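The values are calculated or read from the model by the stated rules, or taken from the named source; none is laboratory data. Please read all numbers here as calculations on a predicted model, not as lab measurements. For neighbour counting, all protein chains shown are included, and Cβ atoms are generated from backbone atoms with ideal geometry for every residue, glycine included.
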Amino acid sequence: MNIIQRPSTKEFSATMKDYTIDSDAVITFSVKYNNKTILDEEYVPDADFKIHVRKLGKFCQQALWGEWCTGSSLLQSSAAGTFEFYINNSLDTSSYVLFCRMQTNKPAASAAWLSEINRKITRLDSKEYASTIITPGQAIQVTVKKTDGTTTPAKTLYTHTGTLCVVTVDASPSRIATLFLIPQDAIRSYVLSVAGQNFEFLIDSTRYTEVWQFRYKNVYDMPEVLSAVGGLNVKGNNEGETAAMFEVERKFALKVTDEYTANSGVIFLQSDYKLWHNLFNAQEVQIYIAGTWYSIIITKQTYEREFRRSTLKAVEFSFKMANPEQNNLIEL
């Protein structure tokens, strides 16, 4: 038996290497996660004496998921984990697998920030989250470039004391301002750094009439936030049944099915389109209303991107509340 290809020590689930084994005999193949056997099968060689264990990453992905961050930081212990692969009941290799819903060009071996971009626009008082792979003893440092042109010395936003893990931190402008004891409107941009890799937030200080915040779980199942500043409108609707009671028509089992349409407003960076594409295709999306996040379902999207850098078109999408009883909560 000869193993031609096996997973690397660190992999994203969507791009994880398959097993390819050269063998002239039946083998047993098993996978263990958290000391539990989650797969135990026999494989028979094909006509070329090859055994292929395909879609192994997708299989491992079923045991992984990300969570919303509700505090200043959150250890995403369920978003990645070490899987052990056994051949004929002997350990062949182990791989640290990270959740990834779609294929990515990001190399898992050197990955830090779990986002499709490393530079984004944020706005005053907006919520922001940043997620990274972090090892024991590493720290997330932050530096601020102020509106007067000066740059502050770095300060520590988070220090990791546990094992290799994914962590999500609150990177909102309000938290950064509190850390540096300066007002939010004194910040032009700020950079988060870990393991030599940066994530930059550029503040759009324009005062908008409406700013609607949406958070979603990106392709790595990590929370990210986008703000729509182009307005929000609603088209009222309801569903129900009618029946006669005492010879009078009445409605029963009424369900409000209002549909909301949001416009992104101005788009500053080509990379913003990646974030909007992530949001439109996310399984979990929420809207921020009066200090609380409420789940929504995106029903339509108008997403047109010009790859020429001189053209930046706004995007638009429609959504409904996941819980119809929450349709009376959205207001300015």
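Specify which of the listed residues (Asp148, Asp185) is among the acidic types (Asp, Glu) and part of a helix (DSSP H, G or I).
Asp185
Considering only segment 118-159, state which residues are of a type in the set (A, V, I, L, M, F, W, C) and at pLDDT 95 or above.
Ile121, Ala130, Ile133, Ile134, Ala139, Ile140, Val142, Val144, Ala154, Leu157
For every residue, the table says whether it meets (1) on the phi > 0 side of the Ramachandran plot; (2) crowded, with 16+ Cβ neighbours inside 10 Å.
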| residue | (1), (2) |
| --- | --- |
| Gly265 | yes, yes |
| Gln270 | no, no |
| Leu275 | no, yes |
| Leu279 | no, yes |
| Tyr288 | no, yes |
| Thr292 | no, no |
| Thr302 | no, no |
| Ser310 | no, no |
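Of all the residues that make up segment 75-134, how many are in contact (Cβ under 8 Å) with a residue 60 or more places away in the chain, of a type in the set (A, V, I, L, M), out of contact with any helix residue (DSSP H, G or I) (no Cβ under 8 Å at 6 or more places or on another chain) and surrounded by fewer than 22 Cβ atoms within 10 Å (Cβ to Cβ)?
5
Inspect segment 161-177 for any residue being more than 26 Å from Ala79 (Cβ to Cβ), in contact with a Leu (Cβ under 7 Å, 6 or more places away or on another chain) and at pLDDT below 95 and give the result as yes or no.
Looking for residues that are more than 26 Å from Ala79 (Cβ to Cβ), in contact with a Leu (Cβ under 7 Å, 6 or more places away or on another chain) and at pLDDT below 95, one finds none in segment 161-177, hence no.
Every residue, every condition in (1) modelled with pLDDT of 95 or more; (2) within 21 Å of the chain's Cα centre (by Cα); (3) in a loop (DSSP other than H, G, I, E, B), yes or no:
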position	(1), (2), (3)
Ser189	yes, no, no
Ser193	yes, yes, no
Leu202	yes, yes, no
Val219	yes, yes, yes
Glu239	no, no, no
Ala262	yes, yes, no
Ile267	no, yes, yes
Leu279	yes, yes, no
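Specify the residue that is surrounded by the most Cβ atoms within 10 Å (Cβ to Cβ); the eligible residues are those in segment 207-256 that are touching a residue at least 24 places away in the same chain (Cβ under 8 Å) and hydroxyl-bearing (Ser, Thr, Tyr).
Of everything passing the filter in segment 207-256, Tyr220 is surrounded by the most Cβ atoms within 10 Å (Cβ to Cβ).
Touching a residue at least 24 places away in the same chain (Cβ under 8 Å), part of a loop (DSSP other than H, G, I, E, B) and assigned by TED's automatic domain parsing to the domain that holds Lys235 - does that describe any residue in segment 291-302?
No, because not a single residue in segment 291-302 is touching a residue at least 24 places away in the same chain (Cβ under 8 Å), part of a loop (DSSP other than H, G, I, E, B) and assigned by TED's automatic domain parsing to the domain that holds Lys235.
Any residue in segment 118-135 that is within 30 Å of Met1 (Cβ to Cβ) and small (Gly, Ala, Ser)?
No, there is no match, as no residue in segment 118-135 is within 30 Å of Met1 (Cβ to Cβ) and small (Gly, Ala, Ser).
Mind checking which strands (runs of 3 or more DSSP E) fall wholly inside segment 1-98 and carry at least 1 residues that are under 20 Å from the mean Cα position of the chain (by Cα)?
Result: 10-12, 73-75, 80-87, 90-98.
Spot the failing condition for Thr178; the list is (1) more than 23 Å from the chain's Cα centre (by Cα); (2) of a type in the set (S, T, N, Q); (3) surrounded by 13 or more Cβ atoms within 10 Å (Cβ to Cβ), and only one is missed.
(3)
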